[in-house]
Structures are given as structure tokens and as C-alpha cells.
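Trainee: Attaching a single structure in C-alpha cells format; questions to follow.
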Amino acid sequence: MPARGAARARGPEHGTTRDREPTVYRENTRGPRRRNGRVPVALASTIVTALAVAVGAGVVSGDPGIVTGSVAGTVRLAGAAERSPPPLGPYSRRRAVPPRSTESHSDPSDAVVVARAVSGPAAAGGVPGGASRTVRVPQRDRTIVPFVTVVATGTRIDFPNEDEVFHNLFSLSESNRFDLGRYPPGETRSHVFARTGIVRVFCDIHAEMSALIYVVDSPHHVRPAADGRYVMTGLPAGAYTVFAYHGGARSDSARVTVVTRDTARVDLQIRS
């Protein structure tokens, strides 16, 4: 009889308790077995991957019960190369020299594509808008950053002065006229954009500063890439009017029907 406390001999097919291989769960029809109340790592990874693919494909919107589709196409700027840049300021100034890189009249990435719901859940107000109600547009290195901003109606834009000099942002645009007055470095002033339209923003102190703000009445909008291509995802099924803005110009509208889990093609052309 072996001494008390000694390890018991085990067959070669078992090995010692310390060398025993981890338990392998066999496939069964009742779903995966759990160990200590946890789903096996391999299964958890599969679930996360599948969910990520569904969201990335635009199948799931903000509401888990709403299945969506998308719109894709290309924005073309007709005649942009022959167009001479207009003056940046709303009035002439001899010292105002428009910087070459401030506003491009041949860059589609400065445009915005908007899809306005005509019928379906989005038109009925059944889909919550995804646009933020507050947007931050700072002034940095005597530049308004970014040059192009897209917001929904009712959005408040904060304009913090991150420079070491005073600024005075204003706009004479009919849809959203405002004047923030002169304010020092470190201070922030704001304006609520209540009406749709194109808003050109300038600085009364620094004539070389300018920016564009597109105020739209739809949460569905996207900026094209530099080659003009765009993809707008997360649109509930229904009919939409799709159009694009670029600078002070607007494309013709196109009517399109969005189908769930499908992509509708809409190409737009903006004539300068």
C-alpha cells in the first residue's frame, strides 16, 4: 500500500492531475455550454464580429427595430476650372488678399450632399435625427477651423477664440445674419442657426479669414471625398430628395427610393 499522501498512479491515457488537458466542450443542440457563467471566448468573438459587420453595412440604425439602406454616387463640379474666385469679403478692401488654400472652387470635398425624406419613417418623424445640437468651430492661427461645417437647423455653434489676438466673426447671409462682436483670446461666443441656407462667415478684423456653414433641414447629409464620391448610410426605407451644395451653388434635385439593405445610385452635378 503506498504511503499516505503520496500521489496515486494514473494510467498513461490520463496523466497526472496537473498535466491534464483542458476540457473540450462537445457540440450539442442546447447551445454552447458555459463555464463559470461565461460564454466561451471563440463564440463571444463571433457574436461581436457579426454585430460589427451589420452596423458597418448600414443595416442597423440608431433604433434597433429600424432596418436601413444607403445612397451612393458622385458629385461633379461643372465649369469649376474656368471660374475665377470671387472676393472673400462682402465688401471690397485693398488689403484683402484671398489665400489660395482657403476656398477651393474645384474641390468636391467642400460640398455637402443632403437627403431629405419625402415618405417613410424618416418623413413621419419616426426616426430621431443624429445631428448634434451643439458644434464647436474654433479660430486658430487666424483660420476658422474647419472651413466647411454642416449642421441641422436649430444647432448652436460655439466659436472659441484660440488665438492670441482679438476676433470678430460675422455673416451678412440672409438666412442667418449675425455679428459676434470683438472678443479676446480664450473667450467663446455662440450663435444658433435657425434657418436653412448657406452661411458665409468672415472676421471683421482679419479679412483673410472665412468659412462656409451649410444649415440643412435633414439629419441625413455627408461630405464627398476629394474625387467627388460619397456614400450616405443609415437611411430608413422610403422616398428621398437628394441634392448637393457647393459654395453658393446648388445641384438639381433627384428623387430616389431607398430600399432596406440596398444602395441607391444618385450622381449629382453642380453648375457654377
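Trainee: Going by amide H atoms built from the backbone, whose H comes under 5 Å of the H on ALA211, apart from near neighbours?
Mentor: VAL201
Trainee: If we restrict to alpha carbons, what Rg and Dmax does the stretch 150-212 come to, in Å?
Mentor: Final numbers for Rg and Dmax: 11.5, 33 Å.
Trainee: With unit charges on the beta carbons (Lys and Arg positive, Asp and Glu negative) and the dipole taken about the Cα centre of the stretch 122-272, which residue among PHE147, ALA124, MET232 sits farthest to the positive side?
Mentor: Going by the Cα projections, it comes out as ALA124.
Trainee: What ³J(HN,Hα) values, in whole Hz, does the Karplus curve 6.51 cos²θ - 1.76 cosθ + 1.60 give for the stretch 229-234 when θ = phi - 60°, with x put for Gly and Pro?
Mentor: 7, 9, 9, 10, 9, x
Trainee: Report the extension gain between ASP204 and ARG271 in nm, rounded to one decimal, defined as 0.36 nm multiplied by the number of residues separating them, less their alpha carbon distance. Don't skip to the end; give the middle numbers.
Mentor: Numbers: separation 67, 0.36 × 67 = 24.12 nm, distance 3.04 nm.
Full-extension gain reported as 21.1 nm.
Trainee: Now a separate question. Using each residue's phi in the stretch 145-157, evaluate 6.51 cos²θ - 1.76 cosθ + 1.60 at θ = phi - 60° and report the 3J(HN,Hα) Karplus result to the nearest Hz, with x for Gly and Pro.
Mentor: Residue by residue, the stretch 145-157 yields 10, x, 5, 10, 10, 10, 9, 8, 4, x, 7, 9, 10 Hz.
Trainee: Test of understanding: what is the full-extension gain from ALA72 to GLU174, defined as 0.36 nm times their sequence separation minus their Cα-Cα distance?
Mentor: Details: separation 102, 0.36 × 102 = 36.72 nm, distance 3.15 nm.
The ALA72-GLU174 span can extend by a further 33.6 nm.
Trainee: With each pseudo-label sitting 7 Å past Cα toward Cβ, what's the ARG156-SER109 distance in nm, one decimal?
Mentor: According to this spin-label approximation, the distance is 3.2 nm.
Trainee: Might you report the magnitude of the Cβ-based charge dipole of the stretch 198-269 about its Cα centre, with Lys and Arg at +1 and Asp and Glu at -1, to the nearest 20 debye? List each step's numbers first, then the result.
Mentor: Details: 7 positive and 7 negative charges, 52 e Å.
That gives a dipole near 240 debye.
Trainee: OK, next. Based on the Cβ-Cβ distance of SER119 and GLU187, what FRET efficiency does E = 1/(1 + (r/R0)^6) give at R0 = 35 Å, to the nearest 0.05?
Mentor: Working: r = 46 Å, r/R0 = 1.31.
My answer for the efficiency is 0.15.
Trainee: Give the calculated FRET efficiency between ARG223 and PHE166 to the nearest 0.05, with a Förster radius of 51 Å applied to their Cβ-Cβ distance. If you can, show how the numbers build up before the last one.
Mentor: Numbers: r = 31 Å, r/R0 = 0.61.
My answer for the efficiency is 0.95.
Just so you know, all these numbers are worked out from the coordinates, no wet-lab data involved. Just so we're clear, the structure is a prediction, and the values are computed from it rather than from any experiment. Because the Cβ atoms are built from the backbone with ideal geometry, glycine has one as well, and the counts that use them run over all protein chains shown.
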